[in-house]
Amino acid sequence: MTLRDMNSIGPRLNRREMLAGTTGLSFAFAIGGTLDLGPETALANTGGKLNAYVHIALDGTITITCPAAEMGQGVNTSLPLIVAEELDADWLKVKVQQAPVAPVYDHPVLRSQLVVASLSVRGYWMPCRMAGAQARRVLIDSVAKRWTVPASELTTEPSMVVHAVSGRKIGYGEIAAFAEVPDKLPEIKPEELKPISRFRLIGRDVPPVDIAEKVTGKLIYASDVQVPGMLYATLARAPVRGSGPKSFNRDDIKSHPGIVEVIALDHGVGIIGTTVEAVFAARHKLKAEWRDAPGSGVNSEKNLQEYLAHVRDPAAKGVVGRQTADANAAIAGAARTLARDYTTDYVYHAQMEPHNCTAWVRPDGVEVWTGTQWPTKAVAEAAKAAGVAPEKVTFHHLPMGGGFGRRAFVEYVVDAVLLSKAVSRPVKMIQSRDDDVACGRFRPMTAQRIEAGMDASGKVLGWRHRIAADPVVPYLYGQARMDAQKGVDHIVFAGADLPHYDVPAHVADHIYEERGVRVSAWRGIGFGPTNFAVEAFIDELAQDAGQDPVAYRLALLKDPRAKQVVEKAAQMADWGRKREGRALGIAFGKLGAPPVGFSLVSSVAEVSLDRATGKIRVHDVWCAVDVGLPVQPANIVAQVESSLIFGLGSALKERITIKDGLVEQHNFHDYQVLRMSEAPQIRVEVIRSGEMPLPVGEVGVPTAIPMVSNAVFALTGKRLRSAPFTAERVLEALRG
């Protein structure tokens, strides 16, 4: 989703605390100031700090605190595993706990406790390694002092310090009884970290730490929380951003059995009662008149045509966000040109756990139980809503039943706090699925136009990419952030650059479509829509040149890693083999940004089509991913499969339409997600290409839409340029 300003340096923390006693030994690690996330990156000036707390009990149990939020991506295993690797801990003796909300746990790049952009493992990689290595060094130094031997003679094996000369060994739990943590932790140079060739945990599959609780149903989510004296609530939010209730039938709702209070908020109506059933029954009886707002007149079908007119209009002004050389001049001087338009609809996050939060506002502060991708902001907003200082907020951070960017917004926390404050009792606020769809924060609708200029031999000389879409950054991070970025909305632009293709002159601009729609980042951010346009257009260039799509990509790609994933995916799919009644489509994609590096992906889809109904069926997907250093290979495969399924939903079915400002979909009966029976067989090959992990969680999304579009063209000779590829759109394309 985002990279924070990387030029500021956070405050230095140069004092370490020791918490020692009968319970064991604790290490507190602080890394501030200059933080190098890897020799191949440009993060030397990254500001931020991270504390990784390691507690070793006298019985040898090691508790590692995970600094990042868990929402199914597996960071509560991967990050502690990195610490444990350098600590040389026996993983069977490790317990993991969730970090509290505190600045010392801020992500070193994002400078906040924020889980977005598949950056958790990538960002915390070196800090976690350093934390584990420093803890190991302290243990060794303590034993050296105790045994009066040189520290250089001591080594470690899982949870043991070993002195080979004398044959002595001592467990970490025993060391915890006498170890002393120095006032200043030993400095670990990068070259002193454990060589990757000696890793015994990283790169091997370790079962997720929460798997037993998940499969037995014992894992506690926010919706499971029970507080004595708790009431239940829901919030009927205004259907349009910036709107609120002008009037509503308060007395009718208040008289409903089980209803305790009805609260008018600026942005909606809160209904509080003794049971969930009573609250939702009363919600169905709400009749409200809402204030007009800028989004009250939105009509997505009509607006999309306006978007297309804008990207086609050379006089329309957009904000340039990506540029190399003079693309306009290159296209103007080209021997021939090709231009195509692509569109994508609004889509909904469809996270499985409904938005919910339990809050208890008391005279001495506020207590909150919820799951969020942005706990730092959740605490700040809860404090503001309760009218207390942030240090008066007790925040219980629970795992999430899906996030996908949606839970980077914390308005459900604010709602729960406001409703609790109104009745002076603990309140669990639960939003219905219908209300979540109606007031969702959607991936922006886009219209895109790509134009390329080629020389007489077909070589691409210039590339112009125009995107018309709602801006996201001001809504998610505030206008000040947008101003600081000189108007460049990095969420919309993600994927619109061409670092891996040999295109000498390239420009991409964004035409703002300020329509008043609630928008946000969606899994894969802009990589889904933009890479659809890029990779579908690459296929059209191959067709124009009379070349095979794989061969054309390989000739145009200049990066060896990119060539490798394309070659591997084509090989996995047996690209040259003809299929009866089916065809293949390929796409290349990336995830990341230049400062942190790119994961690379190539996927091939095998599809068939019922020409009578227009229904596309994706039978098989073959995917090759290069993620640098794979920390947990099996988890990487699971994340790739998940992101491909997620992307295929937006390719085939998922769409939000808006008429007169109101969302026309209500629940999963009319907002169709991919069903299990529709899921293809997916095969994933993970390629290691370096010694640094790269972003993983969203990596399959960029290839999902274009590989299907390209496969349908190979099957029918007809191009699909508007996603999702609904039956109606497919039939229209076939007729055309």
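No lab work stands behind these numbers, since they all come straight from the coordinates. Computed from a predicted structure; not experimentally measured. Cβ atoms come from the backbone with ideal geometry, glycine included; neighbour counts cover every protein chain shown.
Charge tally for SER300 (other residues, Cβ to Cβ under 12 Å; Lys, Arg +1; Asp, Glu -1): -3.
(1) 43, 36, 22; (2) 38, 35, 27; (3) 63, 32, 23: which one is semi-axes √(5λ) of the Cα gyration tensor in Å as calculated from this entry? Here semi-axes √(5λ) of the Cα gyration tensor in Å agrees with entry (1).
Listing VAL607, VAL269 from fewest to most neighbouring C-beta atoms within 10 Å gives VAL269, VAL607. Relative contact order of the chain: what whole-number percent is it, with Cα pairs under 8 angstrom and at least 6 residues apart? Computed over the chain, the figure is 13 percent.
For ALA542, the shell of other residues with beta-carbons less than 10 Å away shows a net charge of -3, using +1 for Lys and Arg and -1 for Asp and Glu. Think of each Lys and Arg Cβ as +1 and each Asp and Glu Cβ as -1; about the Cα centre, that makes the dipole of the chain roughly 180 debye.
Gap in Å between the Cα centre of segment 416-474 and the Cα centre of segment 693-715? After rounding, the separation between the Cα centres reads 19 Å.
Each of THR77, THR63, THR703 was scored by other Cβ atoms within 10 Å of its Cβ. Arranged with the fewest first, they read THR63, THR77, THR703.
Excluding LEU557 itself, what net charge comes from residues whose Cβ is under 15 Å from its Cβ, given Lys and Arg +1 and Asp and Glu -1? Summing Lys/Arg as +1 and Asp/Glu as -1 gives -1. Each Lys and Arg Cβ is given +1 and each Asp and Glu Cβ -1; about its Cα centre, segment 393-443 then shows a dipole of about 120 debye. Charge dipole of segment 64-112 (Cα centre as origin; +1 on each Lys and Arg Cβ, -1 on each Asp and Glu Cβ, all else neutral): 180 debye, rounded to the nearest 20. Taking trypsin sites (Lys or Arg not before Pro) across segment 601-693, the ones in a DSSP loop with at most 16 further Cβ atoms lying within 10 angstrom of their Cβ are ARG611, ARG675, ARG688.
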